[in-house]
Amino acid sequence: MRIFVCIKQVPATNKVAVDEKTGVLLRNGVASKMNPYDLYALEIALRLRINPGDTVTVGTMGPPQAQAIVREAYRMGADDGYVFSDRRLGGADVLATSYTLAQAIRSIGDFDMILCGKQTTDGDTAQVGPAIAETLGIPHAAWVSRLSVRDDGLDVVQQLQDNVEVAHMPFPCLVTVEQDICTPRLPSLKTGLAVADKPIHIIGLDDFLDTDAEHYGLAGSATQVERIFAPENDAPRECWQGTDSLERLYTHLHQRKFI
Amino acid sequence: MAQIVIVSRKCTGCGDCVKRCSFDALHMEGGQPRIDAGCVACGACIRACAAQAIIRLETKGKQVDKTKWTGLLVYAEQHGGKLHPVSLELIGKAISLSQGTSHVVKTVLLGDDIDACAQELCHYGVHEVYAYDSPALSFFRADAFAACVEDAIRQMKPSVVLVGATTQGRSLAPRLATRFHTGLTADCTSLSLRENSDLVQIRPAFGGNIMAQIITPDTRPQFATVRYKVMDAPARSVQATGAVVRRTLPKAVALSPITHVSTTPLPKAANISEADILVVGGRGLQKESDLKMVEELASLLGGEWAASRPLVEKGWCTNQRQIGLSGRTVRPKLIITCGVSGAIQFAASMNQSEHIIAINKDPEAPIFKVAHIGIVGDLYEIVPGLIAKLKAHKEADAG
């Protein structure tokens, strides 16, 4: 079985300061890490690699620095890793991002299963996974909390509204996984030494099947960011600082009929 | 679509554009700025450039004829014959967007044995309800559901499609938007309509540190998802105002390779989105067992407890109880936050609450900007103190 895992490099902290006057993000030297939700997808992939010939390939769209998270995936045990890096891929929205990843995956080879984290911590849209499945024309299941291989396909467990639904999907298919699906392993030091020089493939638009730059990046995006601005902040209506806060709080809740 | 270009002969190399860029997409190279892959063409650099050396090049793509796509379509979600309340909230928003325009509001409803549900929708000011009713739709499969909504969209040609940002909606909408090769904006907190039918979508971006205003300028329909409890549901009219249109299933439904294995009802879990009173624990809690205190206060007030993202990441609770962009949006009558700093992705998901009381040691914590009452103090004094007072009050009542 060949498994592909989509990963993404995200800022290591979401405590990014914003200049309130200009709405500009102040991100001086913010460190990066692998999107934490991708670790669950990668862990599941590694656990499904049971038979000889099974492989786990990871890939990410990003600048050359994104090699760092591919290296991390190697330390966890991934067999092969790609960075899809090209100036012309930049500024992509969901449509262009999923198209890029689908093209990249196709140009690498055939996979039985594509795994994604449920969302990223920087975009938070949870849309790219299902959109890749649509572009590739394969079925998908999102927010999967458990999965097992059966009859040349997957049994997937999803929590949808009031029910736990179990469905079966044949390969090839795409799954986005919940964070409670497993506990990701820590990158191993021993594996780390062994894979320190393992090559990371860096490919760009010219390596894809569709090389028309109009379909990628900003040019291939359907949405356009018109402006960005700092969220509105109302002034505090009341601020209590003294030792009598507890007493005031109790009285306040009483007056408001919460007690 | 647009592209940002620097006119080298005008550029003075002052570097103001580099400082002004929120996306870290500009760097000085050989005395001139260079745009890299991070650029989203937001145009902030254009406004920053005193020399007017930065321009936006509109790359005119194949623009759709916008007049051929009119009206607003709401994807109505139901479970076991019960409408998800987000569907009514979206109808409410769609109706307010349509007022004073020629747009009408329609809905599409899918499921098994949904006639009563479809009739009910007709009482909320919608023009038409497209109903796809079949045992094949008794459980959610993104591909089969997408085929039905695709059929509805091809029939109606709506300018805008609104989908609830539920587990179902967030799985369905990306398939549909990709199928129509158009834009999808997730978790919009504000929507308005321009005269040219462009939908102005505002959503928190960058983990919620800033807000982004996004449009889908060249393609139709324009897809947007909105979370539960962000918009207001309309009042139910006694008289039905719309009509149900029963549609036959598109062939693709039968071709779905996904098969149903089993359905088990979940044990009735606490739903923080439904609670009227919430007590929330945040990073200020020092250890997992301190959550008990938050739980106890919530239960004494007759409410539910919830948590901010750091506690979920520590594994102290599941994201079922998480407030935030990666958790739930809440709008209770009363919310008391204990040791929550109030990062904007948290604040954006609770700032519609009727009454917000925040307890935090740090007077600079952003939570105080959204709180109606901010208490600068130690939660380890205030919360146990309040619990003791409430207990005493209860005992006095009982006595």
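Would you tell me the mean number of C-beta atoms belonging to other protein chains that fall within 10 Å of each C-beta in A:244-250, as a whole number? Could the numbers behind the result be given before it?
Values: counts 0, 10, 10, 2, 2, 10, 7.
Whole-number average of other-chain Cβ neighbours for A:244-250 is 6.
What does the helix-only formula give at 222 nm for chain B: each DSSP H stretch with n ≥ 4 adding -39500 (n - 2.57), the total divided by the residues, and the result rounded to the nearest 500 deg cm²/dmol?
On the way: 11 runs with 102 residues, N = 399.
Roughly -7500 deg cm²/dmol at 222 nm, from the helical runs in chain B.
How large is the dipole of the protein assembly as shown about the Cα centre if only Lys and Arg carry +1 and Asp and Glu carry -1, each at its Cβ, rounded to the nearest 20 debye? Numbers along the way, then the final one.
Working: 68 positive and 71 negative charges, 180 e Å.
Here the protein assembly as shown has a charge dipole of around 860 debye.
Would you mind calculating the relative contact order of chain A from Cα pairs under 8 angstrom and at least 6 residues apart, reporting the percent as a whole number?
Details: 477 pairs, mean separation 63.0, N = 259.
Relative contact order for chain A comes out at 24 percent.
Is chain A best put as rounded, prolate or oblate by its Cα gyration tensor, with a ≥ b ≥ c the root eigenvalues, rounded for a/c under 1.5, and otherwise prolate when a/b is larger than b/c, oblate when not? Can you show the working numbers first?
Details: a/c = 1.89, a/b = 1.52, b/c = 1.25.
Cα axes put chain A in the prolate bin.
Relative contact order of chain B, please, whole-number percent, based on alpha carbon pairs below 8 angstrom and at least 6 residues apart.
Working: 825 pairs, mean separation 48.0, N = 399.
It comes to 12 percent, rounded to a whole number.
On a 0 to 90 degree scale, rounded to 10, what angle separates helix A:94-108 from the longest Cα axis of chain A?
30 degrees
With no other cysteine's Cβ closer than 4.7 Å, which Cys residues of chain B count as lacking a disulfide-compatible partner?
Cysteines lacking a close Cβ partner in chain B: B:C11, B:C14, B:C21, B:C39, B:C42, B:C49, B:C117, B:C122, B:C148, B:C188, B:C317, B:C338.
Once a ≥ b ≥ c are taken as the square roots of the eigenvalues of the Cα gyration tensor of the protein assembly as shown, is the result rounded (a/c under 1.5), prolate (a/b larger than b/c) or oblate (a/b not larger than b/c)? Walk me through the intermediate numbers first.
On the way: a/c = 1.29, a/b = 1.15, b/c = 1.12.
Rounded is the answer for the protein assembly as shown, as its axis ratio a/c remains below 1.5.
Mind checking the log10 I(q)/I(0) for region B:66-255 at q = 0.12, 0.15, 0.16, 0.18 Å⁻¹? Debye, one equal scatterer per Cα, no solvent, two decimals.
The Cα Debye sum returns log10 ratios of -0.51, -0.82, -0.94, -1.22.
Please compute the net charge surrounding B:L311, taking Lys and Arg as +1 and Asp and Glu as -1 over other residues with Cβ under 9 Å from its Cβ. Mind showing how you got there, number by number?
On the way: positive: B:R283, B:R309, B:K314, B:R321; negative: B:E288, B:E313.
Surrounding charge for B:L311 is +2.
Order B:245-257, B:372-384, B:282-294 from most to least packed using the mean count of other Cβ atoms within 10 Å. Could you put the intermediate results ahead of the total?
Details: B:245-257: 14.2, B:372-384: 19.5, B:282-294: 17.0.
Most protected by this proxy first, the peptides run B:372-384, B:282-294, B:245-257.
Averaged across B:348-360, how many Cβ atoms of other chains sit within 10 Å of each residue's Cβ atom?
Details: counts 1, 0, 0, 4, 0, 0, 1, 4, 2, 7, 2, 3, 0.
The shielding value for this peptide is 2.
Evaluate the relative contact order of region B:1-112 (contact order divided by residue number), counting alpha-carbon pairs under 8 angstrom at least 6 apart; express in whole percent.
On the way: 156 pairs, mean separation 27.3, N = 112.
Computed over region B:1-112, the figure is 24 percent.
In a shell of Cβ-Cβ distance under 11 Å around A:R2, excluding A:R2 itself, what net charge do Lys and Arg (+1) and Asp and Glu (-1) give? It would help to have the intermediate numbers written out before the result.
On the way: positive: A:R49; negative: A:D54, A:D79, A:D80, A:D110, A:D112.
Residues near A:R2 contribute -4 overall.
What shape does chain B have by the C-alpha gyration tensor, where a ≥ b ≥ c are the square roots of the eigenvalues, rounded means a/c under 1.5, and otherwise prolate means a/b greater than b/c and oblate the rest?
On the way: a/c = 2.09, a/b = 1.08, b/c = 1.93.
Here chain B falls in the oblate category.
For the protein assembly as shown, build the charge dipole from Cβ charges (+1 Lys, Arg; -1 Asp, Glu) around the Cα centre, then report which of B:Q168, B:P250, B:P310 sits farthest towards its positive end.
Farthest towards the positive pole: B:P310.
Nearest 20 debye, what's the magnitude of the dipole of chain B about its Cα centre given +1 on Lys and Arg Cβ and -1 on Asp and Glu Cβ? Don't skip to the end; give the middle numbers.
Details: 44 positive and 37 negative charges, 228 e Å.
Taking the Cα centre of chain B as origin, the dipole is about 1100 debye.
So how tilted is helix A:245-255 from the main axis of chain A? Cα-based, degrees 0 to 90, rounded to 10.
That works out to roughly 90 degrees.
So, by mean Cβ neighbours within 10 angstrom, what's the order for B:115-127, B:229-241 with the highest one leading?
Values: B:115-127: 19.8, B:229-241: 14.1.
Peptide ranking by packing, descending: B:115-127, B:229-241.
Where is the GNM fluctuation largest for chain A (alpha-carbon springs, 10 angstrom cutoff): A:R49, A:R87, A:R227?
A:R227
Cut-off 10 angstrom, C-alpha nodes, Gaussian network model of chain B. Which of B:C42, B:C14, B:C148 fluctuates the most?
Ranking B:C42, B:C14, B:C148 by mean-square fluctuation puts B:C14 first.
Under a Cβ-only charge scheme (Lys and Arg +1, Asp and Glu -1), can you give me the dipole magnitude of region B:277-398 about the Cα centre, in debye to the nearest 20?
Details: 14 positive and 13 negative charges, 56 e Å.
Dipole size: approximately 260 debye.
Per residue of region B:83-99, what does 6.51 cos²θ - 1.76 cosθ + 1.60 with θ = phi - 60° give for ³J(HN,Hα)? Whole Hz please, x for Gly and Pro, Karplus curve as stated.
Karplus-based 3J(HN,Hα) across region B:83-99 equals 5, 6, x, 4, 4, 5, 4, 5, 4, x, 5, 4, 5, 5, 5, 7, 4 Hz.
Given a 10 angstrom Cα cut-off, can you work out which residue in A:K198, A:K190, A:K33 is the most mobile in a GNM of chain A?
Per the Cα network of chain A with a 10 Å cutoff, A:K190 tops the list.
Once Lys and Arg get +1 and Asp and Glu get -1 on their Cβ, which of B:A37, B:V64, B:S8 lies farthest toward the positive end of the dipole of region B:1-89?
In region B:1-89, that residue is B:S8.
If you take every residue apart from A:A196 with its C-beta less than 14 Å away from the C-beta of A:A196, what net charge results, scoring Lys and Arg +1 and Asp and Glu -1? Before the final figure, lay out the partial values.
Details: positive: A:R71, A:R75, A:K190, A:K198; negative: A:E72, A:D197.
Net charge around A:A196: +2.
Taking only DSSP H segments of four or more residues, each worth -39500 (n - 2.57), what value at 222 nm results for chain A once the sum is divided by all its residues, to the nearest 500 deg cm²/dmol? List each step's numbers first, then the result.
On the way: 6 runs with 64 residues, N = 259.
-7500 deg cm²/dmol, from helical runs alone.
Highest first, please rank the peptides B:321-327, A:79-85, B:358-364 by the mean number of other Cβ atoms sitting within 10 Å of their residues.
Order by mean packing, descending: B:321-327, A:79-85, B:358-364.
Which whole number gives the average count of other chain Cβ atoms within 10 Å of the Cβ atoms across peptide B:166-173? Spell out each step's value before the answer.
Working: counts 2, 9, 5, 0, 10, 12, 2, 6.
What the average comes to for B:166-173 is 6.
FYI, it's all coordinate maths here, none of it is from the lab. In this text the structure is predicted, and so the values were computed from the model without any measurement. Virtual Cβ from ideal backbone geometry, glycine too; neighbours counted across all protein chains shown.
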